[in-house]
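Accompanying notes for the structure given below.
The values are calculated or read from the model by the stated rules, or taken from the named source; none is laboratory data. Nothing here was measured: the structure is a model prediction, and the numbers come from that model. When we count neighbours, we look across all protein chains shown, and the Cβ atoms used for this are built from the backbone with ideal geometry, even at glycine.
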Amino acid sequence: MAVPEGNDIPPKAEMKSLFAPVQIPRLPCFQLVAIPESSVPMRRYPAFDPPEYLEWSPDAEVLEEYQQRLDRDPPRQAIIAKLDRGALEEIYVDLVRTRLLDIGLKRWVRQGVISKAWLGTGEEAVTVGSVSALDRSTDLVCPMIRNAGACHMMGMSLADLFRGYLATPDSPTGGRDLHVGQLESGVLQPISHMGTNVPVMAGVALAFRIRGEKRVSLTWIGDGATKSGECHEGLNLAATLDLPVVFVLQDNQVALGTPSRLHGAGDLGRWGEMYGIPTWHADGNHVLDVLAATTLAARQAREGRGPTMVIARTFRMGGHATHDEREARQTFPAQLFEEWGKRDPVGLFEEWLTRTGIPRRRLEELEEEVRKAMDEAAEEAKASLELPVDPDQALYPGISDGDVMSPIRQRPVQIS
């Protein structure tokens, strides 16, 4: 089934808001009214899920395409065939955990706990698939705002991800920034400037090579970030020096509020060719396809054959953040949301799992475990709001806590 392109901006008469007015009871994050009957196990939350997901059921043509995506690519099929039931269940848990983290944050916005949140609803497979392909005991990632799932997959606690938004003194950044990381877990803290993570991760990969380590670094690039100078410089550096870094181009067809046709020209699918970087294409809503493509890309980079790229096409089912969801729905035709709504990455993977023999009841049990853990993490994080805040903690050690030469004297920064 062809997916409509996000190139046509609808007339004002076709514009619709994302959510109808709703009264939200103050209950724990996920103990709210969900749609009980569904063809897939995961609960749907009318106040928070995209409307296209609420009564989701598998589309026969989309499901057939989902299976054929692997069948027609023997190398990827071989990678997926090696995954046992435990590994498949872990991938499912990571998808559900990533989705419920977004729902928890969105609920906090509605309750006034935080002012807004940046979500990756509909794009979870890009994050979960690519991180699942790494050696999480050695490799290093630098996520974008829509890749929060990478943080908990690499070992960061869910409570710390919530604390990042609350800016508590015990958050990973000490309350300084909601862009969180934790080097001991293999997560380099990103910054909000798009494209700047690319040269940083090229530098991390250079360090790996200098030290003779069989490690790779990985970061995600939005389609909008491809237009930044830092992104170009980082890619060119990585390609010129043959560095062991994987770049995942997460093409969700919109940069903040600008459709891709309005912020760039040419075929983004051939973007890696400009730098001579080998590229694998993946269905960004197909977690196994992303996993297999990233496995091949990471394998080549780890072997010392230079940087690689995975281009994963997906679609942002919400706004740039929670504050502009209505405008986001106005940017594209309703048909585009309907078609991408059929490609819910969680629902499709659930259906695929049940067809491989994993009982629906088992998936429901796994979701319930994640839901409970998410509630506990949210409550744990909110308890940190009671901690006293030391104003001096706003200073970054070695950066803003001394004179202008302080950062220089602190070098080199060691990445273990």
- Task: Could you check, for segment 185-198, whether at least one of its residues is more than 19 Å from Glu230 (Cβ to Cβ), outside any loop (DSSP other than H, G, I, E, B) and touching a helix residue (DSSP H, G or I) at 6+ places or on another chain (Cβ under 8 Å)?
- Result: yes
- Message: For segment 263-311: of the residues being out of contact with any Phe, Trp or Tyr (no Cβ under 9 Å at 6 or more places or on another chain) and part of a strand (DSSP E or B), which is farthest from Ala238 (Cα to Cα)?
- Response: Ala282
- Item | Criterion: among the small types (Gly, Ala, Ser), under 26 Å from Gly304 (Cα atoms) and either in contact with a strand residue (DSSP E or B) (Cβ under 7 Å, 6 or more places away or on another chain) or in contact (Cβ under 8 Å) with a residue 12 or more places away in the chain (or both) - qualifying residue of Ala282, Ala255 | Ala282
- Message: Can you find a residue that is of a type in the set (Asp, Glu), part of a helix (DSSP H, G or I), modelled with pLDDT of 95 or more and exposed (fewer than 12 other Cβ atoms within 10 Å of the Cβ) anywhere in segment 46-66?
- Response: yes
- Message: Of everything in segment 160-177, what is surrounded by fewer than 20 Cβ atoms within 10 Å (Cβ to Cβ) and under 19 Å from the mean Cα position of the chain (by Cα)? Give them in sequence order.
- Response: Asp177
- Query: Would you say Ile221 is over 19 Å from His152 (Cα atoms) and outside any helix (DSSP H, G or I)?
  - Reply: yes
- Message: Just to be sure I understand, how many residues within segment 244-264 are modelled with pLDDT of 85 or more and among the aliphatic types (A, V, I, L, M)?
- Response: 4
- Message: What's the number of the only condition in (1) in a helix (DSSP H, G or I); (2) at pLDDT 95 or above that Arg146 fails to meet?
- Response: (2)
